[in-house]
Structure formats: C-alpha cells, structure tokens
Amino acid sequence: MCRPSDAIGVFDSGLGGISVLRQLRTRMPRERFVYFGDCANAPYGVRPRQEVAELTMRACRALLDTPVKALVVACNTATAAAIDSLRQEFPHRIIVGIEPALKLAADRHPGGTIAVMATPLTLEQPKFQHLQQHLSGSCTVIDLPVAGLVELVESGRANSPQAAELLEPLLSPYRGRLDALVLGCTHYPFAAETISRILGPSTDLLDGGAGTARETFRRLEAQGLLNKEGEGSVCFRFSGSSRLPYELADSLLQADIPAHL
Ligand code: DGL
C-alpha cells in the first residue's frame, strides 16, 4: 500500500535522467526522489534491445522493491525497450516513461522541419517509426542518431570542445534550417548550450521532461498520493565503483540549461 510520504523512484542508464528529475522537482517540490543511474552499464543506446530490456528490468525491479509510490523511467532508450514489460509485471504500480517530444514539436511548428536527435536504439523502435510516419504528412521529420554524446555527459564534458567536435559535423548542415530539434535522449539537454550554438537561435530545442513531470503529477494526484507536506529531497545512487557520478550529479541538478527548453 503506497503512501503520499513515500519517495518517487527515477531511473536512467546514467546521469541523463537528472534533466527529467529537474522538471519533476519543479512540478513537485515537496516530494522525495530516489534516483538510480546505471552508470556501470551506460551507454544503453548502442546495445541490442534485449540487453537494454534486461538491464532496465533488473534496475527497475530493485527500485520497485523499495517503498516508492511511483517509478519514472527517465530514459527514452529504456522506455522504448522495456516499458511494456514493466507495466505487465507491475500492473498496479504507477510507472511513467519518457518518449521523444516529436508530437509536441509538430504541434508547435505545423508544416515545419523537425529533427529528432536520439540514441540509435530509440530511433529504431516501431512505436517511434509509426509516430514519425503519422506526422510525415504535416511536417518534415529528420532522424539524427548520435553515438558518443552520452559518454561526454557522463564524464562531465557536456559542453566541452570534444562535444563541439562531435556535434559540429552532425548539426552544422542544419544551421538555420530547422524549426525544432527534439532532444530524444535525457542526457542531451545538458549539451543544449553547444547544440544551440551550432544550430543558431532560430531552432527551438524541445525535450519530453516537462511532459513526463506533468504526467507523473497527474497519476499521483489521481490516486491521492501527492505529498502536500514534505520538505522535498533527492537521494542519488549509481551502479559501479566510480565516485564521478556522485560528484557530477549535484552540479547537473543545478546546471544552467537554456531557458527555451
Ligand atoms: N538517457 C538515455 C535516453 O534518454 C540514453 C543514454 C544511453 O545511451 O545510455 O535515451
């Protein structure tokens, strides 16, 4: 039996889900959050789907074994690979996932040109492909699979010269040509400064973090599980023996991310 004072579990392959945690905290400042990042196994996005599904199930089972009233899968890749299995195994728990905010981008920029930057695994998923096909009559959608940026965020180099070197060849052909870029991986908002500098100020950067926080709020409210009296707190846990994730987590929680996200 869940109680309003229970924590909300947040899961990602590593540090990226902190971009979603920020939105969750803004929406629900009185809640306690337990964040688990599977840093020992990141990145997920370049692994086979089955492997990502197994890693996700293992981590989420462990989180759901603790007294959490909801689980937020703050990873587009893990959501794509395992959200259906999670909901099947835990039909009575509140489980919220995140998906690339393509629909939001299409609504904001009807007839526009929209690129979706995400891990290769997220972009390959049939569910995403169907949405893309569905929207193809109303806007132009370009897939931009990226490998390597997650590792830079994980090592504290989200807006480093190395990040610029990785992103320049991918994004500079689109400078001034995109109405919106969907950041379809929760790590990418931390590189928004570099991305924006390459694409120019006319491209709207969008991600699914705020929508995920809204949905989590809605589900908790519907079950009378919002914490109306708590102080609000965050507890970080990471797999692996490195101390680096603990050192980076707080600064990512406070990071200055461009306001238009
Ligand atoms: N942060 C994850 C996402 O939203 C992916 C990172 C990874 O490849 O591990 O897709």
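Readers should treat all values here as calculations from the given coordinates under stated rules, not as data from a laboratory. Owing to the predicted nature of the structure, the values given are computational and were not obtained by experimental measurement. For neighbour counting, all protein chains shown are included, and Cβ atoms are generated from backbone atoms with ideal geometry for every residue, glycine included.
Beta carbons closer than 8 Å, at least 6 apart along the sequence or on distinct chains, pair a first residue in segment 72-89 that is in contact (Cβ under 8 Å) with a residue 12 or more places away in the chain and within 15 Å of Ala62 (Cα to Cα) with a second that is more than 12 Å from the ligand (Cβ to nearest atom) and of a type in the set (S, T, N, Q) for Val72/Thr216.
Within segment 109-120, restricting attention to residues that are surrounded by 14 or more Cβ atoms within 10 Å (Cβ to Cβ) and more than 14 Å from the ligand (Cβ to nearest atom), the residue that is nearest to the chain's Cα centre (by Cα) is Ala115. The residue pairs whose first member lies in segment 44-70 and is aromatic (Phe, Trp, Tyr), whose second member is part of a helix (DSSP H, G or I), and whose beta carbons are closer than 8 Å, counting only pairs six or more residues apart or on different chains, are Tyr44/Val52; Tyr44/Leu55; Tyr44/Thr56; Tyr44/Thr77; Tyr44/Ala78; Tyr44/Ala81; Tyr44/Leu121.
Applying the selection to segment 18-30, what residues are within 16 Å of the ligand (Cβ to nearest atom) and more than 19 Å from Pro258 (Cβ to Cβ)?
Here is the first cut: in segment 18-30, the residues within 16 Å of the ligand (Cβ to nearest atom) are 18-24.
Result: Leu24, single match.
Within segment 1-41, being closer than 19 Å to Pro100 by Cα and of a type in the set (A, V, I, L, M) holds for Val10, Leu15, Ile18, Val20, Leu21, Leu24. Residues of segment 16-37 that are in contact with a Phe, Trp or Tyr (Cβ under 8 Å, 6 or more places away or on another chain) and of a type outside the set (D, E, K, R): Gly16, Gly17, Ile18, Ser19, Leu21, Leu24, Met28, Tyr35, Phe36, Gly37.
Answer with yes or no whether Phe128 is aromatic (Phe, Trp, Tyr) and within 15 Å of the ligand (Cβ to nearest atom). Yes. Being away from the ligand (no atom under 15 Å from the Cβ) and surrounded by 16 or more Cβ atoms within 10 Å (Cβ to Cβ) is a property that Glu154 lacks.
Taking strands (runs of 3 or more DSSP E) that do not extend beyond segment 121-223, which have at least 2 residues that are more than 17 Å from the chain's Cα centre (by Cα) and of a type in the set (Val, Ile, Thr)? Please lay out each step first, then the result.
Details: elements: 140-145, 180-183, 204-206.
Hits in segment 121-223: 140-145.
From the list Pro43, Pro48, which residue is more than 9 Å from the ligand (Cβ to nearest atom) and under 20 Å from Val146 (Cβ atoms)?
On the way: Pro43 fails: more than 9 Å from the ligand (Cβ to nearest atom).
Answer to the check: Pro48.
Scanning segment 109-120 for residues that are touching a Pro at 6+ places or on another chain (Cβ under 9 Å) and assigned to a loop (DSSP other than H, G, I, E, B) turns up just one, Thr119.
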